[in-house]
Amino acid sequence: MSSENGPMSPSERVVALDALRGVALLGILVINIRVFSMPEVVLSNPTAYGDLSGGNYWVWFVGHVFVEGKFITLFTFLFGAGVVLFTRSVEKRGRSSLGLHVRRFGWLVVFGLGHAYLLWYGDILVAYGVCAFGVVVLRDHPPRPLARLGVVLLLIPSAIEVLAGLALDPTVIASTWRPPETALQAEVETYRSGWLTQMEHRAPAAFQRQTSGFLGYTVFRVSGSMLLGMALFRWGVLTNDRPSQFYRRLIGIGAISGLSLVLAGVWYIQASDWSAGAALFWRQFNYWGSLPLAGAYVGAVMLYCRWRPESATVLALAAVGRTAFSNYLLQTVLATSIFYGHGLGLFGQVTRVQALGIVVAIWAVQIPLSVLWLRYFRFGPIEWLWRVLTYRSRQPFRLDRTVR
């Protein structure tokens, strides 16, 4: 049973939802490792830094086609679902949910600002917290209007980029698409230096993402995906409540349409010889292909959870999902300790194949640690702190071993 004034107990959670969150969280690291280990530009243009031949090319290719944009989309769907789940849970206990929601996501913004400026500029928590303030007002709307509005919001940055690609002289974006070697080496030296020196890049990069980057792109992508997640939750898609045939169709249609778009994008940019003039158009293939492919992943995880609900794999993924906030920050701590100058200082020195090996090593820490932690505690450490700050009261932390 859950406390009248507290969050849901583990027994009330949907295992499939948690497992899906775990899959998303682990998958995100495959892409984030690129900017943990190399200059920021490699996220948009992998030819700008590092070797991109042989195994390194195939690591990039598989990551781009199957991972990039897909797992962050999944994570954002689930965040939108979490808005509905949280407010419903609070209202069932006879409390007003809006005030708690504002406090909850206000603290998320605070956590995100600390994460962005003290650890890593690629933080997504600030954007999630700010967007959550807006989408919550639509939480009681029927799922179909939520999905429609979500698609409309997603269209906005896509249209802006296409129009910019048509109007701009390619030389305008050439310096950001392929920065000069001096700029790349300066970024490498910055992150091989101590923590304070890293602020020279981290602070302006985080500020740009939270201002012009947020207003021109992120707010639409995140809010639109959150609304789609709210709709999918209301439809029962994310809670494994739809028939198996529905999930099989979701896998088939999502995989075929998503992969077709993403692979067409790879062909287009390579046929254009990675030119700056093709850059903004190329982004659209993966931008839209990620959505149906993320849907296919939802279907696959739901069917697997239905097939093997008590398997070690499902329970391990669910454990990662239940501690996703803590694990997200742990990924940053581990990766920056490996790549930045206050740790091992390997920034800019590893290949893409080696970086993928480090991803697997971090997974090998996170997965068993999450399972072990939840044998003794109800929540991850950061999840627990977040709840304490939200409810302004001490929450139970250690697991009552007599109640399973």
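The values are calculated or read from the model by the stated rules, or taken from the named source; none is laboratory data. None of these values were measured; they are calculated from a predicted model. FYI the Cβ positions are ideal-geometry reconstructions off the backbone, even for glycines, and counts take in every protein chain you see.
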message: Based on this model, can you work out whether V188 counts as surrounded by 14 or more Cβ atoms within 10 Å (Cβ to Cβ) and farther than 19 Å from V222 by Cβ?
response: yes
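Which of the residues that make up segment 297-313 are surrounded by fewer than 21 Cβ atoms within 10 Å (Cβ to Cβ), of a type in the set (A, V, I, L, M) and in contact (Cβ under 8 Å) with a residue 24 or more places away in the chain?
A300, L303
Return the total of residues in segment 102-117 being touching a Lys or Arg at 6+ places or on another chain (Cβ under 9 Å) and not hydroxyl-bearing (S, T, Y).
Count: 3.
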query: In segment 247-296, what residues are touching a residue at least 12 places away in the same chain (Cβ under 8 Å) and of a type in the set (F, W, Y)?
result: Y247, Y268, W274, F281, W282, F285, Y287, W288
statement: Counting only residues in segment 365-404 that are free of Cβ contacts under 8 Å to residues at least 24 places away in the same chain and aromatic (F, W, Y), the one nearest to V102 (Cα to Cα) is identified as W384
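Which of the helices (runs of 4 or more DSSP H) contained wholly in segment 273-366 include at least 3 residues that are under 30 Å from A159 (Cβ atoms)?
Qualifying helices (runs of 4 or more DSSP H): 276-307.
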- prompt: Would you say A206 is surrounded by 19 or more Cβ atoms within 10 Å (Cβ to Cβ), at pLDDT 95 or above and either among the small types (G, A, S) or touching a helix residue (DSSP H, G or I) at 6+ places or on another chain (Cβ under 7 Å) (or both)?
  reply: yes
message: Can you tell me how many residues within segment 257-294 are at pLDDT 95 or above, among the small types (G, A, S) and crowded, with 20+ Cβ neighbours inside 10 Å?
response: 5
query: Name the pairs whose Cβ atoms lie under 8 Å apart, with the first residue in segment 169-193 and farther than 16 Å from G341 by Cβ and aliphatic (A, V, I, L, M), the second part of a helix (DSSP H, G or I) and at pLDDT below 95, and 6 or more positions between them or separate chains?
result: I173/A276; I173/A279; I173/L280; A174/A276
Answer residue from segment 55-98, given it is touching a residue at least 60 places away in the same chain (Cβ under 8 Å) and basic (K, R) and is nearest to F325 (Cα to Cα) among those: K70
message: Out of the residues in segment 340-358 meeting the condition of being out of contact with any Lys or Arg (no Cβ under 9 Å at 6 or more places or on another chain) and not aliphatic (A, V, I, L, M), tell me which one is surrounded by the most Cβ atoms within 10 Å (Cβ to Cβ).
response: T351
- line: Considering segment 229-256, residues that are of a type in the set (V, I, T) and not in a helix (DSSP H, G or I), and then whichever is surrounded by the fewest Cβ atoms within 10 Å (Cβ to Cβ), we arrive at T239
